[in-house]
1. Give the number of residues within region 49-58 that are in a loop (DSSP other than H, G, I, E, B) and either buried (at least 20 other Cβ atoms within 10 Å of the Cβ) or modelled with pLDDT under 95 (or both).
2. Within region 69-95, can you find the residues that are assigned to a helix (DSSP H, G or I) and either closer than 15 Å to residue 116 by Cβ or within 9 Å of the ligand (Cβ to nearest atom) (or both)?
3. Is it the case that some residue within region 192-201 is on the phi > 0 side of the Ramachandran plot and either in contact with a strand residue (DSSP E or B) (Cβ under 9 Å, 6 or more places away or on another chain) or away from the ligand (no atom under 16 Å from the Cβ) (or both)?
4. What are the residues in region 254-276 that are outside any loop (DSSP other than H, G, I, E, B) and either under 28 Å from residue 308 (Cα atoms) or in contact with a helix residue (DSSP H, G or I) (Cβ under 7 Å, 6 or more places away or on another chain) (or both), if any?
5. I need the full set of residues from region 46-60 which are within 14 Å of the ligand (Cβ to nearest atom) and over 20 Å from the mean Cα position of the chain (by Cα), in order please.
6. Which one is nearest to the ligand (Cβ to nearest atom), of the residues in region 176-191 that are surrounded by fewer than 22 Cβ atoms within 10 Å (Cβ to Cβ) and modelled with pLDDT under 95?
7. Count, please, the residues in region 1-45 that happen to be part of a loop (DSSP other than H, G, I, E, B) and within 14 Å of the ligand (Cβ to nearest atom).
8. If a residue has to be touching a residue at least 40 places away in the same chain (Cβ under 8 Å) and under 17 Å from residue 240 (Cβ atoms) to count, how many in region 278-304 make the cut?
Ligand code: NAD
């Protein structure tokens, strides 16, 4: 990667990825973009920024040409809970938007990174140690768009030689930007409420296990995979990756070790509970480990220490 365009750069991943990539590749070599400009954002101030609505193919094409982009990190999307609220828009942004990015990449010979998700699995998928290649019959529109995206990326590689790569992210936990309306968001909000209120109401019920990852590992995965030797990549797209799997009571117990007064109760949201129940409990990410050396640094305990320290700095 030399000249990088990030779509959806003001979201949870993009707002941290942009600075991370600017540190590695140089500020002027990483162009952040989003549908609208947020003057408050550090990302907009810090380096090149363009308005790119991924539903407008000309926005993508003009920006790629203007900056001589060779790699597109495509993050613009609607997440699971938001997508269930507006399935038509979720299909448009997640599938038509990706199609536009891939078309521009085909014409300009750009590489493309696109994240899929644990949402690409469904209730008929083996839930424990979910294999890399397995049944994928998701029951959410978000999941349907993610499977479609995985297939589209494979198709553009096989048919047109576009250098497409991607991972299936689990729930991502970070302190800089709040998550954009996913089912795993509780695992971020619990840290904020632990510090600010001393108590948390969880919208998922006890025993709901899902894969999760701390943001620094999620950012490293992008760089590692995009810089990996293409000859070693058998899968290219949609690599299972994970760093930890936990239930609400497990993350609560971990935080309570540092904040003994912290308490939690439950008020289950049936929509997000149904989505969570349809996703795996834990992924097998051995293929990513073998093909490009995936090896996360943070587990639940080290992530909790860092999250609490960073949030105290930010909020107190
Ligand atoms: P987010 O919702 O925080 O950010 C997405 C950004 O896309 C938002 O800033 C939004 O304004 C922008 N956007 C929406 N429509 C757009 C359009 N038409 N044109 C341009 N921008 C548009 O999402 P995120 O958490 O940063 O996720 C990024 C990617 O990673 C998505 O593909 C998502 O499915 C995937 N992912 C995220 C997680 C997670 O836990 N955050 C987990 C699995 C996969």
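1. Summing the residues that are in a loop (DSSP other than H, G, I, E, B) and either buried (at least 20 other Cβ atoms within 10 Å of the Cβ) or modelled with pLDDT under 95 (or both) in region 49-58 gives 2.
2. Selection gives 80, 82, 83, 89, 90, 92, 93, 94, 95.
3. Within region 192-201 (the criterion being on the phi > 0 side of the Ramachandran plot and either in contact with a strand residue (DSSP E or B) (Cβ under 9 Å, 6 or more places away or on another chain) or away from the ligand (no atom under 16 Å from the Cβ) (or both)), the answer is yes, since at least one residue qualifies.
4. Residues satisfying the conditions are 254, 255, 256, 263, 264, 265, 266, 271, 272, 273, 275, 276.
5. Scanning region 46-60 gives 49, 50, 51, 56, 57, 58, 59, 60.
6. Restricting to residues being surrounded by fewer than 22 Cβ atoms within 10 Å (Cβ to Cβ) and modelled with pLDDT under 95, the top hit is 180.
7. 12
8. Matching residues across region 278-304 total 16.
The values are calculated or read from the model by the stated rules, or taken from the named source; none is laboratory data. Being a predicted model, the structure only gives us computed values, none of them experimental. Positions of Cβ are backbone-derived with ideal geometry, glycine not excepted, and every protein chain shown enters the neighbour counts.
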